[in-house]
Every structure is written in structure tokens, then in C-alpha cells.
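Notes follow the structure.
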Amino acid sequence: MSGLPKTDCLLVAVTTPVTSGYCPDSELLSARCKALMAAGADGVTLFGTTGEGAEFAVEDRQAALEQLIAGGLDPARIVVSIGALSIPDIVRLARHALDRNVAGLLLMPPCVYRGGITEDGTFRFYSAVIDQAERSEMRLHLYHFPDISGVPVTPVVIRRLEERYPGAIAGVKDSGGDLDFTEGLLRRFSHLSIYTGSEIHLPQVMASGGRGTICGLGNVMPRLMRGLFDARTPFERRRLVPFLIAGDNILSRFPFIASVKALIADATSEPAWRRVLPPMAGLPLLEEGRVIADFRRWEESLPPPLRSLYPAEEEQESRIVALRRG
């Protein structure tokens, strides 16, 4: 498949492996992205909140994107988060990603002066980026995550940007956790790609015409997420939500990024995955062991086709046989 589907689109907000020098580990990241797509993801979003993107230097993010594409990752299946503190840095990231023909860009209002930013200020921020980038193929997705940025992306802001820059606004990622707000976006902006960042809302969002999800949980449960899309009826889709909530509850007991990385490190036997960028910290050894043990038990409760990190024993054996034959 080349490009992203117009419906039932699963984009994983991929977490970023980190070198000892606090740069993206492109080799591990490339392998992980390919594994996620093999497990059912339609594409990945790089360097968002789950990907610790704002903590990396602009040059490191650009180099990692180039290396991923050179390693065989289809740029038409990549959305790049271009969030940074300075507008010139955002513009540099936008131009670089668009030059590589990525599927789109994702941008959250910066979390600076968050207590005093008005709707007009938010509009001016996005307007400055679009004006300075000077690219007709902008394909910008507005990122609504007020818990992180402190600044909502309101319907008024979206409408003003659409009127000022026809065709530049491709969609919205809504991670606000308010289903009423998401459904309001779907009613007002049905022509845009509306993605939910709240995985438990996916059945309702899909029924209301959403394009899909850009989600952090997809890092460790892509097959379950794919199962939500592929369920034959809305009823079957809703039956999978309790599994999703139970898995999310395990990850949410401790900092999400550190928990996800601990699980990937365990499942891949690659200790480097445990690194997180300061000021975050990895999980203490005891807590990490509990998260891994609980997640393993949770995944064992899933039907075998929906298990992602720890496949059923017979599947593991078939993979070993295939490797030996290959």
C-alpha cells in the first residue's frame, strides 16, 4: 500500500528510541516503524508528544527522517510532527518534511505563555507558520491537546485558518479526550480528516465519519487497534473497547512514554529502548517488572490474532521455523 487510506486509518504516534547522546536512534526507529506496519498500522506519526519530538534538535529530527526514508519507509505513510518553540525552527521542519513528500504535517500550539493565549493569538501562530513556509502543499493537521499545550484549537480558529488559507488545513488531531468536542468537529468540518487521539472513542468517531486515529497505544497494541477497524459491525467494535481500556489502565499507572518503552525493550530484547529524554525518567526496576508482568497477562487474555508484543506460542514457533527456512 502506498499512501494513507481515506477511512479506517490507523496512524501510530510512534515513540522514539534514543541514543546515549540523546539523539534519535534511527536504526531502531526504522525497525520499529516497519514492525508496526506489518502488524496493521497504516502509517506512523514521527516526533509528536509520544515521540518526545520537541526535545530533539531540529537537525537530528531532519536526519532521522532522511534515514528512515533511505531505509525503505514510504514517506507517503509518514506524518511528521513539526512542533518546536520558535517559528523559524517549525518552518525549517515543515519545509524539510514537505521536500521529502511526507503525507502531512502535525502542529500543536507551543506551550509558552499558555495562560494568556487567545483564539486570535493561536490563529496568528498558525498563520505565521503557513506564511513563512510558503508552500502550496502544506497539508497541515492542527493538533488539539490542551492538557499538554494549555491552548485549545477551537472551531473558530479552524474556520479562520480555512478561510485564510484554502487547502492548507488537511485535518485535526483531537487528543482533548472530550467526545462531544470531537463530534462537534466532525459535524462542522466533515471535509477535513478528523483523527481521534483518544482510542476509547474510536467506535463513536468512526461511526460519525472520522478518518481514524493517531494514537500512542498503537505502539504496543497495533493488532488490537487494527481489530477495532476491521470488526465487521459496530457492535463487534465496541466489544473490543474493554480490552483496550484494560491495557491502557496498565500503561497509565506510571508515565506513559517510559512504560511503553519498557515494554518494547522487553519484547524486543533491546535494552536501549528504555532510554527517555530528560527531564523524564525511566521506570524504577520494581515498577517496570510489574508493568511488564501485568501487560503480559493482559495480552494473554486477547484472542491470539490480536496480540502484538507477546504472540501466542504457536505463532512464535512458526516465526522461528520461517526464519530457519529463510
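Taken over segment 71-100, the criterion of being among the charged types (D, E, K, R), in contact with a Lys or Arg (Cβ under 8 Å, 6 or more places away or on another chain) and not in a helix (DSSP H, G or I) is satisfied by no residue. Residues in segment 111-135 that are under 24 Å from Arg95 (Cβ atoms), out of contact with any helix residue (DSSP H, G or I) (no Cβ under 7 Å at 6 or more places or on another chain), outside any helix (DSSP H, G or I) and touching a residue at least 24 places away in the same chain (Cβ under 8 Å): Val112 only. Within the group Ala38, Ala84, Ala70, which residue is among the hydrophobic types (A, V, I, L, M, F, W, C), under 28 Å from Glu134 (Cβ atoms), out of contact with any Cys (no Cβ under 9 Å at 6 or more places or on another chain) and exposed (fewer than 15 other Cβ atoms within 10 Å of the Cβ)? Residue meeting the stated conditions: Ala70. Scan segment 245-300 for residues that are under 13 Å from Asn219 (Cβ atoms) and of a type outside the set (D, E, K, R) and the total you get is 15.
Could you say whether any residue in segment 171-182 is in contact with a His (Cβ under 7 Å, 6 or more places away or on another chain), touching a residue at least 24 places away in the same chain (Cβ under 8 Å) and β-branched (Val, Ile, Thr)? Within segment 171-182 (the criterion being in contact with a His (Cβ under 7 Å, 6 or more places away or on another chain), touching a residue at least 24 places away in the same chain (Cβ under 8 Å) and β-branched (Val, Ile, Thr)), the answer is yes, since at least one residue qualifies. Does segment 219-238 include one or more residues that are under 26 Å from Met138 (Cβ atoms), in contact with a helix residue (DSSP H, G or I) (Cβ under 6 Å, 6 or more places away or on another chain), polar (S, T, N, Q) and touching a residue at least 12 places away in the same chain (Cβ under 8 Å)? No, the conditions are met nowhere in segment 219-238. If you go through segment 254-281 and keep only what is at pLDDT 95 or above, outside any helix (DSSP H, G or I) and not hydrophobic (A, V, I, L, M, F, W, C), you end up with Pro255, Ser269, Glu270, Arg275.
Screening segment 34-56 for residues that are in a helix (DSSP H, G or I) and in contact (Cβ under 8 Å) with a residue 40 or more places away in the chain and picking the one that is farthest from Ile78 (Cα to Cα) gives Glu55.
Rundown of residues vs (1) under 29 Å from Pro255 (Cβ atoms); (2) surrounded by fewer than 19 Cβ atoms within 10 Å (Cβ to Cβ), yes/no style:
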residue	(1), (2)
Glu162	no, yes
Ser175	yes, no
Arg187	no, yes
Ile200	yes, yes
Gly216	yes, no
Pro222	yes, no
Val241	yes, yes
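More than 16 Å from the chain's Cα centre (by Cα), buried (at least 19 other Cβ atoms within 10 Å of the Cβ) and at pLDDT 95 or above - does that describe any residue in segment 10-18? Within segment 10-18, one or more residues are more than 16 Å from the chain's Cα centre (by Cα), buried (at least 19 other Cβ atoms within 10 Å of the Cβ) and at pLDDT 95 or above. Taking every residue in segment 296-320 that is within 16 Å of Leu36 (Cβ to Cβ) and at pLDDT 95 or above and pairing it with any residue that is surrounded by fewer than 12 Cβ atoms within 10 Å (Cβ to Cβ) and of a type outside the set (Gly, Ala, Ser), at least 6 positions away or on another chain, yields no pair with a Cβ-Cβ distance below 6 Å.
The values are calculated or read from the model by the stated rules, or taken from the named source; none is laboratory data. Remember, predicted model here, so these are calculated numbers, not experimental data. Don't worry about glycine lacking a Cβ; one is built from the backbone with ideal geometry, like all the others, and counts go over all protein chains shown.
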